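The structure appears right after this line, and notes come after that.
The values are calculated or read from the model by the stated rules, or taken from the named source; none is laboratory data. Please read these numbers as outputs of a predicted model, since none were measured by experiment. So basically every Cβ, Gly included, is an ideal-geometry build from the backbone, and we count neighbours across all protein chains shown.
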Amino acid sequence: MGILGWTWLFVGLTFSLYIGIAVWAKAATTGDFYVAEKAIHPIANGMATAADWMSAASFISMAGLISFMGRDGSMYLMGWTGGYVLLAMLLAPYLRKYGKFTVPEFIGDRYYSSGARVIALFCAIFVSFTYVAGQMRGVGVVFSRFLEVPVNTGVIIGMALVFFYTTMGGMKGITYTQVAQYCVLISAYLIPVIFISIMLTGNPVPQLAYGGTISAGGAEILGKASYQGQYLLDVLDGIQKDFGFGEYTAGKRAVVDVFFITIALMVGTAGLPHVIVRFFTVRKIRDARSSAGWALFFIALLYTTAPAVAAFARTNFILTVNDKSYANEAPAWFKNWESTGLIAWMDKNEDGIMQYRPGQAFAGKPRYAEGSGDSGERLLSNRPTASDNEIYIDRDIMVLANPEIAKLPNWVVALVAAGGLAAALSTAAGLLLVISASVSHDLLKGVLMPHMSERSELLWARSSAAVAVLIAGLFGIFPPGFVAQVVAFAFGLAAASFFPAIIMGVFSRKTTKEGAMCGMLAGITFTAGYIIYFKFINPAANVPENWWFSISPEGIGTLGMILNFVIMWAVSRVTKEPPQEIQDMVASLRYPASRD
Amino acid sequence: MDENQKMDAYWRKNLAYIAVLLSIWFAVSCVFGLLAADTLDHFRLGGFKLGFWFANQGSEIIFVLLIVVYVQLMNRLDRKYDVHED
């Protein structure tokens, strides 16, 4: 069977599985819909959290990103895992003890103020929409790449599926689908890498193998017998230096900036509402703690593999493509992927040899012209740059082409497609549920229509989920040009708004509502202002010389968070302390059970 | 020890655990993997330079272990102070 047949088969099978789970796990009450009746086993919740968390970007793009950034790329690895330690120790158990449904609800109750709740629910909606826009697009892209359907058809198929299982099953449906999606995505990620790892080093454990030596077979593939027995990373450092890229294992970006981005990602992760709410779904407080551990374990399986993929792919790419003749020596996967526009070669010096050097080969993304060049390559109509580099490469190819690089059978390629879809769908569903709960539970039931019955709240929850899916789908079909620019927003705002408000809400009895509201508003305004200025108002000024203390817009959330903490503390000192029952409520959060 | 003192002692113990574990959290990631990475890179762990290893996978592995340790410590503490569930 060909790649296309296998892909339809795998996608069909996994989609029927997700639908089957949704039918089986239909939500009957609002408790079911928002938090799965708090009855999820910690290991299942860990898997669901991992799938919820790892998006299309983690699955498809992250390894490629790291392979171009070298050690600096570690800020994503550390940043997107470190937040779980904060969750386990500072947030999850106390919020589970609080025992209701949403993050804005906690903020509203703890700070005895609907105003605070409204600020929080708008933050939750904004952060989640920012994030979900990219996911729906991701679904469409995977469909178009693997199944040869237009991107928009792919988005619509994805929408229909998410629509079905989110509105029907709510949190309960989503949780069990996410468990299945985790299993699909992790096997799709690991299988090709394990084979590449064996091919290059003879060691089947990629995490260890990329710190090991190159095997005889590996040296043959890389085209130089003397590589046998050398450490892979040393070889990579050497070739990177030879061609002017700088050592792979050395840092290149300003340390201050990497530091601020890492902290912003860690704290932002811990403050993202769709992640926090997963810890509302377990039965006990001690399950909330251990569930964070399981989540991080399942995430780390992929996150410790990604840097191995990055190093293998980079080494293999440079050594099998650079300075090779296109007509006679180019690897088969190179030519296969040329037609997708993810990789392209422009023979600037007309020597028939592919030169890969630092810098852009030509302006923009590849635009193919009619006909073929002298070596048989696809001709491009882009304007060439002055750089010696002749190769355009999209970072996503580092993951997508893996099965072909490892010469694996067609069904593995299909599995990768199913894995990419699982990653995008699981994250989208989690985000959509946060949006729906913010609207039906926090805005309608909490503020506007407090006397609504359970039945009508459930109906509202389903309808707002449905509307949210439609809006997310529209974002996927008509992607706003700014999507890539605003991912920094999601983390920056989560770091600068929710995180300090929840931490102070649990760890300080005396933080007042005035303090919390001033702190959140200051954090949001500062962070959003900085990002909007550099990303939208004056993008030309977005260079290190103009940044404050050389902090990029991606890392500014850390400063916004500090500002929020300071203002919350200062204002709380000069305003009337919280009522006694609030202080007692805060005290009670600290103990899993009381014996009186 | 009366009930209030006991409850305070439990909470202070918890805060102490958190302080120690989060210091390790900060050290392995931001210090070993970033601020001091170039210095640590003079040492090696097989084919990995040490600073690079902490940044690339060491910190993630240690993060998981930190949560495991915290869960164990807290489960024991909950029982000792009789605030455990069921």
Checklist outcome for this item: Residue count, segment A:34-43, condition assigned to a helix (DSSP H, G or I) and at pLDDT below 90, comes to 5
Checklist entry - Are any residues in segment A:64-84 within 12 Å of chain B (Cβ to nearest Cβ) and closer than 21 Å to residue A:421 by Cα, and if so, which ones? => result A:80
Next on the checklist: All but one of (1) in the same structural domain as residue A:522 (by TED's automatic domain parsing); (2) at pLDDT below 90 hold for residue A:559; state the number of the condition that does not hold.
Outcome noted: (2)
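Every residue in segment A:221-251 that is closer than 30 Å to residue A:554 by Cα, away from every other protein chain (no Cβ under 12 Å) and either outside any loop (DSSP other than H, G, I, E, B) or under 25 Å from the mean Cα position of the chain (by Cα) (or both), please. Before you say what the answer is, go through the steps one by one.
If we filter segment A:221-251 for residues that are closer than 30 Å to residue A:554 by Cα, which is where we start, we get A:233, A:236-237, A:240-241, A:243-251.
With away from every other protein chain (no Cβ under 12 Å) added as a condition, the list becomes A:240-241, A:243-246.
Listed by number, the residues that qualify are A:240, A:241.
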Next on the checklist: Step by step: first the residues of segment B:56-86, then only those that are farther than 19 Å from residue A:86 by Cβ and part of a helix (DSSP H, G or I), then the one that is farthest from the other protein chains (Cβ to nearest Cβ). Which residue is that?
Outcome noted: B:80
Checklist entry - Could you say whether any residue in segment B:3-13 is under 20 Å from residue A:300 (Cβ atoms), loosely packed, with under 14 Cβ neighbours inside 10 Å, out of contact with any His (no Cβ under 9 Å at 6 or more places or on another chain) and modelled with pLDDT of 90 or more? => result no
Next on the checklist: Which residue is nearest to residue A:146 (Cα to Cα), if the candidates are limited to segment A:350-387 and must be in contact (Cβ under 8 Å) with a residue 40 or more places away in the chain and surrounded by fewer than 19 Cβ atoms within 10 Å (Cβ to Cβ)?
Outcome noted: A:378
Checklist outcome for this item: Checked pairs for segment A:133-153, first under 11 Å from residue A:475 (Cβ atoms), second surrounded by fewer than 24 Cβ atoms within 10 Å (Cβ to Cβ) and aromatic (Phe, Trp, Tyr), C-beta under 9 Å and 6 or more apart or across chains, list as A:133/A:475; A:134/A:475; A:136/A:475; A:137/A:475
Next on the checklist: Tally up the residues in segment A:578-592 that are touching a helix residue (DSSP H, G or I) at 6+ places or on another chain (Cβ under 8 Å) and not in a helix (DSSP H, G or I), please.
Outcome noted: 4
Item to check | Residue list for segment B:39-52, restricted to those being in a helix (DSSP H, G or I) and at the interface with another protein chain (Cβ under 7 Å from one of its Cβ atoms) | outcome: B:52
Checklist outcome for this item: Residues of segment A:64-94 being within 18 Å of residue B:33 (Cα to Cα), of a type in the set (A, V, I, L, M) and buried (at least 24 other Cβ atoms within 10 Å of the Cβ), in sequence order, are A:66, A:75, A:77, A:78, A:85
Checklist entry - If you go through segment A:204-220, how many residues are surrounded by 19 or more Cβ atoms within 10 Å (Cβ to Cβ) and more than 11 Å from chain B (Cβ to nearest Cβ)? => result 3
Checklist entry - Considering A:31, A:46, which residue is in a helix (DSSP H, G or I), assigned by TED's automatic domain parsing to the domain that holds residue A:241 and at pLDDT below 90? => result A:31
Checklist entry - Just wondering, is there one or more residues in segment A:269-276 that are more than 9 Å from chain B (Cβ to nearest Cβ), surrounded by fewer than 24 Cβ atoms within 10 Å (Cβ to Cβ) and not in a helix (DSSP H, G or I)? => result no
Checklist entry - Does segment A:506-526 include one or more residues that are within 22 Å of residue A:129 (Cα to Cα), free of Cβ contacts under 8 Å to residues at least 60 places away in the same chain and either within 14 Å of chain B (Cβ to nearest Cβ) or surrounded by fewer than 16 Cβ atoms within 10 Å (Cβ to Cβ) (or both)? => result yes
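Output the number of residues of segment B:23-38 satisfying the condition of being in contact (Cβ under 8 Å) with a residue 24 or more places away in the chain and facing chain A (nearest Cβ under 7 Å).
Going through segment B:23-38 one residue at a time, the tally reaches 3.
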Checklist entry - Which of the residues that make up segment A:574-594 are closer than 20 Å to residue A:517 by Cα and touching a residue at least 40 places away in the same chain (Cβ under 8 Å)? => result A:575, A:576, A:577, A:578, A:579, A:582, A:583, A:585, A:586
Checklist entry - Here are A:310, A:264: which of them is within 14 Å of another protein chain (Cβ to nearest Cβ), surrounded by 23 or more Cβ atoms within 10 Å (Cβ to Cβ) and touching a Phe, Trp or Tyr at 6+ places or on another chain (Cβ under 7 Å)? => result A:264
Next on the checklist: Scan segment A:329-348 and tell me whether some residue there is outside the structural domain of residue A:194 (by TED's automatic domain parsing), among the small types (Gly, Ala, Ser), free of Cβ contacts under 8 Å to residues at least 12 places away in the same chain and surrounded by fewer than 21 Cβ atoms within 10 Å (Cβ to Cβ).
Outcome noted: no
Next on the checklist: Could you go through segment A:139-155 and let me know if any residue there is of a type in the set (Asp, Glu), farther than 22 Å from residue A:281 by Cα and surrounded by fewer than 22 Cβ atoms within 10 Å (Cβ to Cβ).
Outcome noted: yes
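Which residue out of A:72, A:52 is farther than 30 Å from residue A:289 by Cβ and either assigned by TED's automatic domain parsing to the domain that holds residue A:186 or assigned to a loop (DSSP other than H, G, I, E, B) (or both)?
Details: A:52 fails: farther than 30 Å from residue A:289 by Cβ.
Just a single option satisfies the conditions, and that option is A:72.
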Item to check | Test: residue A:65 is of a type outside the set (Asp, Glu), under 19 Å from the mean Cα position of the chain (by Cα) and within 25 Å of residue B:32 (Cβ to Cβ) | outcome: yes
Checklist entry - Which residues, counting only those in segment B:14-59, are surrounded by 13 or more Cβ atoms within 10 Å (Cβ to Cβ), under 30 Å from residue A:213 (Cβ atoms) and of a type in the set (Phe, Trp, Tyr)? => result B:32, B:48, B:52, B:53, B:54
